[in-house]
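Chemist: Let me begin by handing over the structure; questions about it come next.
The values are calculated or read from the model by the stated rules, or taken from the named source; none is laboratory data. All figures in this text were calculated on a predicted structure; none of them were measured in a lab. Glycine gets a Cβ as well: all are built from the backbone with ideal geometry, and neighbour counts include every protein chain shown. For the accessible areas, the whole protein counts, side chains as well, though only heavy atoms, and no ligand, DNA or RNA atoms are used. Shrake-Rupley method; radii C 1.70, N 1.55, O 1.52, S 1.80 Å.
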Amino acid sequence: MATAPPSDESWTNAIGLYCKPTDEELFYEKGEKLAVQAYLAILRLEYSVHIRSNTEYMSPSGITPIVRVPPLFFCGFNSIINFIELKERSASRLLNSQAKAEMKAYISLIQDKLLPAEISIVWGNSDYYEKVTKHKYGDNLPFPLNQIIPWLKRQSTITSLRNQEFSVTYNDAKSTIKNVLEALSNRLGTNLQFFDNRLTELDALAYGHLRSIQDCNVSEVRSLITNYPNLVSFCNSFTVC
């Protein structure tokens, strides 16, 4: 396992964010990218953006986006915030232990429930796959790879979801998203931040995925968030990005 570079501030001048082109990123990938961008903005860390169609293949885990701090790569929201925390930077550093534990529980809710539900819609729903996913994932490839590669990715993703005992039916995914939105809405209440009137890792992650849901190609999914005006206000007032 890679270790963090020496504890100095030079790393803050070398942060590179690698992500897919906008017209190729799937809506859950957009959520993760926006979450990382939001978190870097909260901590006022500057970074360069590198658009790569092969970002997924650059990632050892296949998870995007990637943050590169030479010579290391960190893939996905969790890995990135863990690295930054090792460098003694954390948006939640002033929270007490109970609040931190609760914050991590909501982060897990998003990553263990909401994210798989989004992935399920993108790859498990045949209509969405035919209209959106296979084009975003394969149109940058030559024939016949533009047909084969998305199909293989779909099969492996559905198998992975089923191995995690996560339903790949559209209605179940939509219900899961609704339940997570309900929990986030209840936690947020009338506030514009989830904890102690300060932006934390949860705010960044929630913003990324809520904004992505707002922009989702599926109107039924997009409309779910409109049932929670406080979440809509939260997204609209999030000005660090």
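Chemist: Any residue in segment 221-241 that is more than 16 Å from Gly189 (Cβ to Cβ) sitting within a Cβ distance under 8 Å of a residue that is open to solvent by 20 Å² or more (accessible area, probe 1.4 Å) and not in a helix (DSSP H, G or I)? List the pairs, counting only those 6 or more apart or interchain.
Modeler: Between residues of segment 221-241 that are more than 16 Å from Gly189 (Cβ to Cβ) and residues that are open to solvent by 20 Å² or more (accessible area, probe 1.4 Å) and not in a helix (DSSP H, G or I), the close pairs are Arg222/Asp215; Val240/Leu199.
Chemist: Can you pull out every residue in segment 111-159 that is among the aliphatic types (A, V, I, L, M), in a helix (DSSP H, G or I) and open to solvent by 40 Å² or more (accessible area, probe 1.4 Å)?
Modeler: Pass one, segment 111-159, residues among the aliphatic types (A, V, I, L, M): 114-115, 117, 119, 121-122, 132, 141, 145, 148-149, 152, 158.
From the residues that got through so far, the ones that are in a helix (DSSP H, G or I) too are 114-115, 117, 119, 121-122, 132, 145, 148-149, 152, 158.
Within segment 111-159, Leu145, Ile148, Ile149, Leu152 meet the criteria.
Chemist: What tally of residues in segment 187-241 results from selecting those that are part of a helix (DSSP H, G or I) and open to solvent by less than 30 Å² (accessible area, probe 1.4 Å)?
Modeler: 19
Chemist: Here's something else I'd like to know. Could you pull out the residue among Gln37, Gln98 that is under 28 Å from Gln214 (Cβ atoms) and either in contact with a His (Cβ under 7 Å, 6 or more places away or on another chain) or of a type in the set (S, T, N, Q) (or both)?
Modeler: Of Gln37, Gln98, the one residue that is under 28 Å from Gln214 (Cβ atoms) and either in contact with a His (Cβ under 7 Å, 6 or more places away or on another chain) or of a type in the set (S, T, N, Q) (or both) is Gln37.
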